[in-house]
1. Take GLY225 and tell me if it is within 16 Å of the ligand (Cβ to nearest atom), more than 16 Å from the chain's Cα centre (by Cα), within 24 Å of ILE78 (Cα to Cα) and not polar (S, T, N, Q).
2. From the list GLY169, GLY179, exactly one residue is within 16 Å of the chain's Cα centre (by Cα) and not acidic (Asp, Glu). Which is it?
3. Consider VAL211 against the criteria (1) farther than 24 Å from VAL84 by Cα; (2) under 15 Å from the mean Cα position of the chain (by Cα): it satisfies all of them except one. Which criterion is unmet?
4. Please go through region 7-44 and pick out each residue that is near the ligand (Cβ under 8 Å from one of its atoms) and either assigned to a loop (DSSP other than H, G, I, E, B) or not assigned by the TED database to the domain that holds ILE81 (or both).
5. Residues in region 185-203: is at least one surrounded by 15 or more Cβ atoms within 10 Å (Cβ to Cβ), modelled with pLDDT under 95 and within 16 Å of the ligand (Cβ to nearest atom)?
Amino acid sequence: MSREVILEIQNLKKHFGGLKAVNDVSFKLFKGETLALIGPNGAGKTTLFNTICGVYKPTGGKVFYEGKEIQGLKAHEIARIGIVRTFQIAHPFRDITVLDNVVLALGLDDYKGLSRIFKLSHKKKNVDRAMELLEKVGIREQWNKKAGELSLGYMKRLGIARSLALNPGILMLDEPCAGLSFDATRAFMKLIEDLQKGGTSIIIIEHDMHVTMGVSERVVVLNYGEKIAEGNPYEVQRNPQVIEAYIGKEDESA
Ligand SMILES: Nc1ncnc2c1ncn2[C@@H]1O[C@H](COP(=O)(O)OP(=O)(O)OP(=O)(O)O)[C@@H](O)[C@H]1O
C-alpha cells in the first residue's frame, strides 16, 4: 500500500552569498511519519527547517504541502496552513498560567491579525480543549501554575501543547530534548511516541542519536548542505558516508 505524502521538498536551496547552507535537498514526508533530520554541526539542518517554515525565502527549489506549492509564503502563513515549528511559539508567557498559555494559542488557530491573538477567550470550548491538550502532553496537573515556574521538561511539553493548539498537519521539533535530563528525555520520547500513535506527522532535528534512532521511522542526513543519505535508522547508522561525515567533523575539531 502506498503511503500518502504530506510534504515534499524538491531541490530546495538556501544560499547565504557564496555559502550553500542548503543545496538541492529533496525528500518526502509521509502522513503520520516521524522523520529525523541529522548531520554534523553546521550541516544545514536549522537552515532547512527555517526555509521550510518560511523564515527564509528559498534560493531555489520547491516545497509542496498536501500537494500545494508553499515556498515563498511567510512564516505565519505557513503556520496557519498547518506546518508548525514548536520553536516559533514554544516560548511561553512566563507570568501567566499554563492553561492561559494554551488558551492563547487556541486563539492563534483562527488567526485574524494581532488584535485577536492577544485576546484570551475563556469560552468553555477553549478551556476544555486546552485541558485536553495539557492532558495529552502530560501536564494537566500543572494547569494553574505560572508557566515560568515549570521545569524545562514541562516547559517543552507546554510548547508542544501550544503547537498542537494550532491543529498542525506537521509538527517540526527543533532539538526538543536539548538540555533535558535522562529521565525527562525518556519521558519526552514517550510523548513523541504518543503523538505518533495519534497520527501526527513529525520532522525532528535532534543531536541525541538515541532519541533520533528511537523515535524516527526514517532519517535524512545532511552534510555541508547536501543530503548524503536517507533510510531507516538501521541503514543510516551503517552508511559509510554518514560515518565518514561524523568522523571527519570530529577530526576537524580535534
Ligand atoms: N543567517 C545566516 N547567514 C549566513 N550564514 C548562515 C546563516 N545561518 C546559517 N548559516 C551558515 O549555514 C551553515 C548551516 O548552518 P545551520 O545552522 O543550518 O547548521 P545546523 O546543521 O543546524 O548546525 P547545528 O547542528 O550546529 O545547529 C553554517 O555554515 C552556518 O554558519
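1. yes
2. GLY169
3. Condition (1) is where VAL211 drops out.
4. Hits for region 7-44 are GLY17, GLY39, PRO40, ASN41, GLY42, ALA43, GLY44.
5. No, the conditions are met nowhere in region 185-203.
The rows are residues; the columns are (1) in a loop (DSSP other than H, G, I, E, B); (2) within 16 Å of the ligand (Cβ to nearest atom); (3) surrounded by fewer than 21 Cβ atoms within 10 Å (Cβ to Cβ).
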position	(1), (2), (3)
THR46	no, yes, yes
ILE52	no, yes, no
VAL55	yes, yes, yes
LYS62	no, no, yes
GLY72	yes, no, yes
HIS76	no, no, yes
ALA79	no, no, no
VAL84	no, no, no
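The values are calculated or read from the model by the stated rules, or taken from the named source; none is laboratory data. Note that the structure is predicted; figures quoted are calculated from it, not measured. Ideal geometry is used to build each Cβ from the backbone, glycine not excepted, and the neighbour counts take in all protein chains shown.
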